[in-house]
1. Whole angstrom only: what separates the Cα centroid of segment 169-191 from the Cα centroid of segment 296-351?
2. Evaluate the Kirkwood expression for the hydrodynamic radius of segment 161-202, namely the inverse of the mean inverse distance over all pairs of different C-alpha atoms, and round to one decimal in Å.
3. Sorting check: for 199-212, 336-349, which peptide has the highest mean count of neighbouring beta carbons within 10 Å, and how do the rest follow?
4. For the pair Arg227 and Arg343, how long in nm is the line joining their label points, each one 7 Å along Cα→Cβ?
5. Give me the distance in nm between label points sitting 7 Å out from Cα along the Cα-to-Cβ direction at Val124 and Thr216, one decimal.
6. Please give the net charge around Thr166, taking every other residue with its beta carbon less than 12 angstrom from that of Thr166, where Lys and Arg add +1 and Asp and Glu add -1.
7. How much of the calculated P(r) for segment 149-239 lies past 20 Å, in percent of all Cα pairs?
8. Determine, from the Cβ-Cβ distance of Thr189 and Lys248 and an R0 of 45 Å, the FRET efficiency 1/(1 + (r/R0)^6), rounded to the nearest 0.05.
Amino acid sequence: MFQFGDKSAAGFRGRAKRRAGVITTAACCLGLSLTLSACLGDTASDAGAVGDLDELDQAITANGTAAESGDDADANSIAADVTAAADVTSTTASTTTTTTTTSTTTTTTTTTTTTLPPTTTTAVSVLERPLRATYRGSSAELKRIQNRLLEIGFWLPTPNGKYGLTTRHAVLAFQKYHKLRRTGSVDPTTAKKLTEVTERVQARTEKGNAIEVDKTRQVLFLVHNGRTEWVFNTSTGSGQWFIEPNVKKPGQWEWGRSITPSGKFKIQYQRRDGWWEGDLGKIYRPKYFNGGIAIHGMHNVPAQPASHGCVRLGLKAMDYLWEQKWVKKGLRVWVYGEDTEARNKRVTTPPTSTTRPPTTSSSTTTTTTTTTVAPVTP
């Protein structure tokens, strides 16, 4: 199932228009990558109508894909020093001279080792009193769980002892980070891991400010001055092929594959307040980092990849990002990890109809049959 409000990271924009009964299709590519602009809200020219919005960049460019690991170690080098020692014997006769030379070769082997920089981690203490499994409601035990999540780096608002949506997102992020079963509930396995964990969260970035998106674990890291401040639950491109109507432009279609491309980018422009109409639906306070691909708020942020290509956060988590003044244009965004394999067939052309596909509904018709019986003659 695809969710409106995102855009496909790799794919083509298809536009089908009815003019004089003929459907024409136009596909749009950004560079050589299959990047849709499905998450774009208003165009750059619309930005002038919004007084307090950040100025939109007219040139939407994506930085090239960067490698996700350090340089390989140098190959072992071998240096050979050759020393020649010659013993010369000469015999003089009237017509003959004889010379004998002996050479000795010495070989020295040098080994070069490359050491990767260490990953900095922050230790935390194991809880003396184990946490209990908690699934819903409110309680003092749940407040202990919320405090523990904050201590080890999983974002949620002020602990209130209530199992709300932001607490569920924090639990999901914890389960994803530690590769546990993604239930969104503090089941016995999750409670045990929360009790016994000994290290705070750690992203790959160890210098400066950055946002990291781990597609494999489906989490987003917020790094400030080299310190991993928080981990958030996220949902990236589903990996599936899709075709859906453009909600802003009736009669036009968007289609492609729902991929969030890997690479190193920067926030290019952003929409400050409220909900914005994208080609595939409304998105909340987006920060665009790769053409039409954005980090934005969404009501639905499931445990698995589900977007058209954008990076989803919960609404309160998106508000928190906006409250951090350093999360602005120019901030580095590093996307890495595995994409989900497509389970459906590739879409190459839009439907022949330019109207929105009909909604399937069920209806029940009741038929009443009346039978008249002739009266019996006495």
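The values are calculated or read from the model by the stated rules, or taken from the named source; none is laboratory data. This structure is a prediction, so every number in the text was calculated from the model and none was measured. With ideal geometry, Cβ positions are generated from the backbone for all residues, glycine too; neighbour counts draw on all protein chains shown. In case anyone asks, the SASA skips ligands and DNA or RNA and just uses the protein heavy atoms, side chains included. Shrake-Rupley method; radii C 1.70, N 1.55, O 1.52, S 1.80 Å.
1. Here the answer is 20 Å between Cα centres.
2. When all Cα pairs of segment 161-202 are included, the Kirkwood radius is 10.6 Å.
3. 199-212, 336-349
4. Simple spin-label model gives 4.2 nm for this pair.
5. The answer from the label model is 2.2 nm.
6. Net charge in that neighbourhood comes out at +2.
7. Details: 1382 of 4095 pairs.
Here the long-distance tail beyond 20 Å is 34 percent of all Cα pairs in segment 149-239.
8. E(calc), rounded to 0.05, equals 0.50.
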